[in-house]
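Q: Attaching a single structure in structure tokens format; questions to follow.
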């Protein structure tokens, strides 16, 4: 598969949809501001982050034990626990459960894991009708788009966009972009599907080993409807979502909504502990690359992620690129460090879509060192030979020039202004990438080095400079 | 230590740094064979290509008590990410003793005032991400319960006549990001223009920073947009060379 070109996608978003870019940045930055305000209300906020990080570290380093405990408790509660090695196994297990019950319609709440597994197309091609019940996710489903944000899948759309889409799909009033009205339209069209569904599905924000319960955190209550209305309930759970007990859950509940949207808590925190009377509950525990990542010394901390999207909200690159630009299930900073773990070739350019400003690591409620992992992934791309030939050559030239003082002086003091413009990294990108939106700095009469030699350099002669025109890249003392 | 891009494009910043340190009584040397800290390669993931440059840096600077640079970004690299060079006592010495200019003035020299400096203007101070989150020169907006402090700001407050303008999203990245400025130029420029808009709203026409690389980027955006900002390095103001 061709590598995802986040740069080109982001440029298209910026240049073709400047109105959307502005609205997106304003909306998403607002979440970051609300998060700050919510964190300010909790004097022990930084301690809470440390605690949450330690709980995740502990759980991840005892993962097998807690998973088995969860399985035991969930089974005792009357649920059936399945183990899926990868996305395909997960999808097949879900399909088999549905087939065994002659279920043709499935309603589901938002689940990043089922996105990751590409479950919807898998089931749809096998004749299952899948309906998303989260408002944002349903908006994206009706528009045949993946989520643009982890918490708010449709954040990239304006209310006007949604009004237009609902008018097209549902025949709602043209141009009526009142969010309350639009939510009602959705509810009217989705509720009958929920009531008639053969099966319901949820993801999981947490799976509690102590109680064997799957916990979801929502504002719309759609997880409760999806999980409780049909008799058959399936919960898809990534194995890293396990936490030891309810005391630990309380720590995460305090952090999650505050980090995500600045709310103290979401409207619903639901524990699915067993099947409803007369029904069935299935829990599918999914690995899909997680144990492999856990074994990686550099990149395992990304498994601590609780999908709050605070790193997306604070990321200036994400807010200006739009979420779809990443071509990935997980976008923004957390996507930069998790998607290459899933497919290093396809996502080899993602770690470069960052300024390494470090804000993401600071907002992360479980203290993932996101920007350091982005940096480390760049090294992996080079070590794995995934740099383009021109980029590798440019790096070699830069390394050769900058490690030889005489060669560097030749570049720094060359009369050719073009050569003086950021020579060591401009060379491998598109022609004049600096200059599309920016002017180049004017070149001074002399460099600092020359000034120093003239004014203070009496103690030492200036470094010898090779003749003009000599290729500095080939200067080998 | 004079960063490569300051050597090449902004010699006046190097001169102001040198003069300022001399005025404050430091015994300053400029090692003649210096080139670059290796950050452009290392930040791109090219560790092997950064190695010789980092080792040259270690050779050039291992003999000094302090290595002072007017660039938070280079100092952040040398202090926290200097792993391409082979590990050695010299490398560790260099990483431990490197200081960004505001750190050196604030923490080491503990400068109380700059009697020679006067700047009767309203200025917007841009502190780089490297200086804030890499070096801890200023409280971070992401940690709202930490008490506010800012080393570069407290230095500027000692300059006669100078007033500081506050603007929104003060520690959002300006979009330079090293190679990012070129590889992701559309997003980079968009971030730069947004930053300029927020700075501009204050009415201040002077933008001051301890990182000339951020300013090179912002200056490039402003010049293209025909906006009349003036961009100055902190050293130029503290040295009194800009008035």
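Q: Over chain B, with a Gaussian network built from C-alpha contacts below 10 Å, which listed residue (B:113, B:27, B:65) shows the highest mean-square fluctuation?
A: B:27
Q: Give the separation of the Cα centroids, region A:242-305 to region B:160-204, in Å.
A: 37
Q: Does anyone have the angle between helix A:389-402 and the longest principal axis of chain A? Alpha-carbon axes, 0 to 90°, nearest 10?
A: Once rounded, one gets 50 degrees.
Q: Output the Cα-based Rg and Dmax of chain A in Å, rounding Rg to one decimal and Dmax to a whole number.
A: 26.5, 94
Q: Of all DSSP beta bridges located in region A:199-250, what percent are antiparallel, nearest 5?
A: Antiparallel bridges make up about 35 percent of those DSSP assigns within region A:199-250.
Q: Further, regarding this structure: Given the -39500 (n - 2.57) contribution per DSSP H run of 4+ residues, what per-residue ellipticity at 222 nm results for chain B, rounded to the nearest 500 deg cm²/dmol?
A: So the calculated ellipticity at 222 nm is -12000 deg cm²/dmol.
Q: Assuming R0 = 22 Å, what is the FRET efficiency of residue B:243 and residue A:454, from their Cβ-Cβ distance, to the nearest 0.05?
A: That pair, residue B:243 with residue A:454, gives E of 0.35.
Q: So, in nm, how far is label residue A:183 from label residue A:37 when the simple model puts each one 7 Å beyond its Cα toward the Cβ?
A: Rounded to a tenth, the inter-label distance reads 1.8 nm.
Q: Please build a GNM for chain B, connecting alpha carbons under 10 Å apart, and tell me which residue among B:183, B:163, B:53 fluctuates the most.
A: So, out of B:183, B:163, B:53, the one fluctuating most is B:183.
Q: If the label point is 7 Å along Cα→Cβ of residue B:145, which residues in region A:231-274 have backbone nitrogen under 17 Å from it?
A: Hits in region A:231-274 for residue B:145 at 17 Å: A:250-260, A:262-265.
Q: Between residue A:265 and residue B:197, how many nm apart are label points set 7 Å from Cα along the C-beta direction?
A: Taking the two extended label points, one gets 3.9 nm.
Q: What share of the DSSP beta bridges in region A:131-280 is antiparallel, in percent to the nearest 5?
A: The answer is about 55 percent antiparallel.
Q: Rounded, prolate or oblate: which fits region B:122-238 when a ≥ b ≥ c are the square roots of the eigenvalues of the alpha-carbon gyration tensor, with rounded for a/c under 1.5 and prolate only if a/b beats b/c?
A: Note, shape of region B:122-238 comes out oblate.
Q: Shifting gears a bit: Please give the length that would be gained between residue B:27 and residue B:65 if that part of the chain were fully extended, namely 0.36 nm times their separation in residues minus their C-alpha to C-alpha distance (nm, one decimal).
A: Length difference between fully extended and current span is 12.7 nm.
Q: Here is a further query. How high is the relative contact order of region B:122-238, in percent, with contacts defined as C-alpha pairs under 8 Å that are six or more residues apart?
A: 31
Q: Among B:233, B:76, B:223, whose mean-square fluctuation peaks in a Gaussian network model of chain B (Cα, cutoff 10 Å)?
A: Residue with maximal mean-square fluctuation among B:233, B:76, B:223: B:223.
Q: Taking the alpha-carbon centroid of each part, what is the distance from region A:101-120 to region A:151-203 in angstrom?
A: 18
Q: I've got another one for you. So in the protein assembly as shown, what percent of DSSP beta bridges are antiparallel if you round to the nearest 5?
A: The antiparallel fraction comes to roughly 20 percent.
Q: Just from its helices, what would the mean residue ellipticity at 222 nm be for chain A, if runs of 4 or more DSSP H residues each count -39500 (n - 2.57) and the sum is divided by every residue, rounded to the nearest 500 deg cm²/dmol?
A: Counting only the DSSP helices, I get -14500 deg cm²/dmol.
FYI, it's all coordinate maths here, none of it is from the lab. From a predicted model like this one, the values you see are computed outputs, not experimental measurements. Backbone-built Cβ (ideal geometry, glycine too); neighbour counts: all protein chains shown.
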